[in-house]
Amino acid sequence: MKTFDRMMSSLMRFKAKLLFPLLAAMLPLAIAACGSSSGVIGSGNGPAYLVVTSPSALPGATFFQMYECFRTTVTATLFFQNGSSGNYTNRVVWSSSSPGTVTVSTSQPGDLIGNQPTPSGGYYPPGTVTPIGGGNATITADYFGIQASIGVQVGTPQSLTVKRIVQGNSVLPPALPASQVQTNGNSLTSTGFKMGVGSSESLTVVAQLNGQEQNVQTTGVEWSFLVPNQGEATINPTTGVITAVSAGAPLIAVVGFDSCIYTATTQVTVASVQSIVEQPEFSGNPALVVGNTEKVNVYACLNATPTAAEAIPASGCPSDETPQDISTQAQLVSSDTGVLSFGVAGITNVASAGAAGGPVNISASFTQGGSQLLTATNLQITTVMATLESFQYTLLPRPPNNLQTPVAPNPNDPTQASDTVPQDCAMMTTTAQFFNANQPTAIVYIGSTVPLQFCILGSYDNGTIQQDITRQMTWTLSDPTLVQINGSTKPQTSGQAFALTTQTSTILVTPVSPNPSVNNQRMIPLTISD
């Protein structure tokens with residue numbers, strides 16, 4: 001019996017010597033078989049080839065373009081001999097042919113985290129591409145000798161500009177001289193804006209990339225004041241939200257990027273609020289049709305002399321005081337919520353007409369500095385029943401806050417002073433000549449934050465009432481994966497269209513009215529362009 005045991009033990013040791021090299025050779029395949037593209041990577045009988053892609057690249061492209069200051073990512077997909085695949089971005093070894101152009105974070109042996117440190121002390125995930133300077137490079141993924149590459153071309157931003165977010169729209173600070181639009185990607189300083197004590201302003205940064213304005217408010221952005229003064233105002237380093245504390249001298253808000261030396265700035269002045277005023281969205285304050293919505297705009301009148309662009313005539317502020325839009329910061333109250341109520345889709349200054357009646361008294365209040373309550377009670381709105389019989393559309397191929405488009409105060413031109421909230425659709429209801437059969441071509445641009453604005457004008461009761469119904473419309477798209485058009489759930493930006501794809505294409509858009517019996521069945525060709 002002992003002899004038999006010794007024979008078996010020797011046999012097992014002999015088998016182990018034979019099996020160990022085989023198991024070692026199979027280990028990468030065993031690891032590879034841990035899952036698939038749906039969370040389990042692969043189930044094949046061996047790896048076949050790698051494919052490297054980037055969200056910045058067109059499908060099937062062998063290279064992509066990126067710009068200094070703005071990181072992107074690459075992904076490695078490993079395909080197996082039986083056709084299954086898995087995401088191997090964290091497992092491959094990444095490299096760049098030109099580290100002076102781009103670097104790419106890669107995992108360390110036995111570790112799935114990247115090797116490039118973040119400013120906060122962590123590490124960028126594997127596949128994170130950081131632009132260093134202009135030029136061309138090749139990014140390569142290697143998995144135990146199986147390699148794939150993708151080319152990258154790094155360009156320089158044509159300009160960087162700070163904007164404010166006002167009622168959901170990116171608004172250019174006023175009076176930006178054309179001479180300040182840089183062509184080398186270096187600092188760009190806008191004239192700035194004023195804000196009242198107790199108010200807040202949200203900043204964002206946009207860049208001109210390949211001729212298109214794109215939002216670059218990314219995790220690599222850091223906001224600060226050139227000379228901080230927390231007794232006057234604070235700024236959130238990540239979000240760019242400024243909170244005004246007390247009146248004082250101008251402050252310079254700066255946005256920088258942790259991967260480049262370029263910056264953009266704007267001047268911020270905090271002033272005391274003298275009063276607040278209410279203004280209806282629709283000119284002349286006509287009766288609001290039941291079922292429709294209307295913005296009530298609230299302006300803080302600041303104890304500061306306005307520039308020409310800041311002197312918004314529709315604000316209702318005295319000519320020697322600067323108006324600041326605080327519509328979403330003020331509290332609005334209706335005297336009869338059954339007739340008119342606020343809070344459409346969670347937006348505090350959008351009112352909905354629920355029943356015929358009125359006039360309904362609208363009161364606004366705003367607290368300055370945590371203690372001084374300011375109120376306004378100068379607005380009344382009446383609501384009426386009416387039957388929607390037809391509608392027509394127009395579109396605005398560029399909004400008034402496009403950096404490359406001059407602004408004009410002409411009431412027959414759909415541009416406005418750059419510091420005002422775009423109200424083009426409301427203005428279109430009083431300029432019927434813009435509604436005609438010869439509409440300009442509907443175009444949205446890939447990657448651009450500049451939307452195409454659709455405006456819908458409804459006609460009621462034999463044409464006796466015409467009212468903007470853009471916020472009440474829904475939109476049917478022949479391919480909703482390529483374009484997004486904001487509807488009633490986004491009342492601040494309703495009718496604005498953006499491209500969701502990196503491919504040029506054309507789709508059909510059908511506006512659908514809130515009245516099922518009124519459907520013009522007009523399909524509008526919408527082109528996606530680069």
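Every number in this text was worked out from the coordinates using simple rules, so none of it is lab data. If you're wondering where the values come from, they're calculated on a predicted model, not measured in any experiment. Methodologically, a virtual Cβ is constructed for each residue, glycine included, from the backbone with ideal geometry; neighbour enumeration extends over all protein chains shown.
For Q147 and D336, calculate 0.36 nm times their separation in residues minus their Cα-Cα distance, and state this gained length in nm to one decimal.
Full extension of this stretch gives 61.1 nm more.
If you find the alpha carbon centre of region 305-336 and of region 75-119, how far apart are they in angstrom?
52
Tell me, F70, F193 in order of fewest to most beta-carbon neighbours within 10 Å?
F70, F193
Extension gain T474-V245, at 0.36 nm per residue separation less the Cα-Cα distance, in nm?
That works out to 78.3 nm of additional length.
Which value in nm describes the separation of the simple spin-label points at S95 and Q108, placed 7 Å from the Cα toward the beta carbon?
Output for this residue pair reads 2.0 nm.
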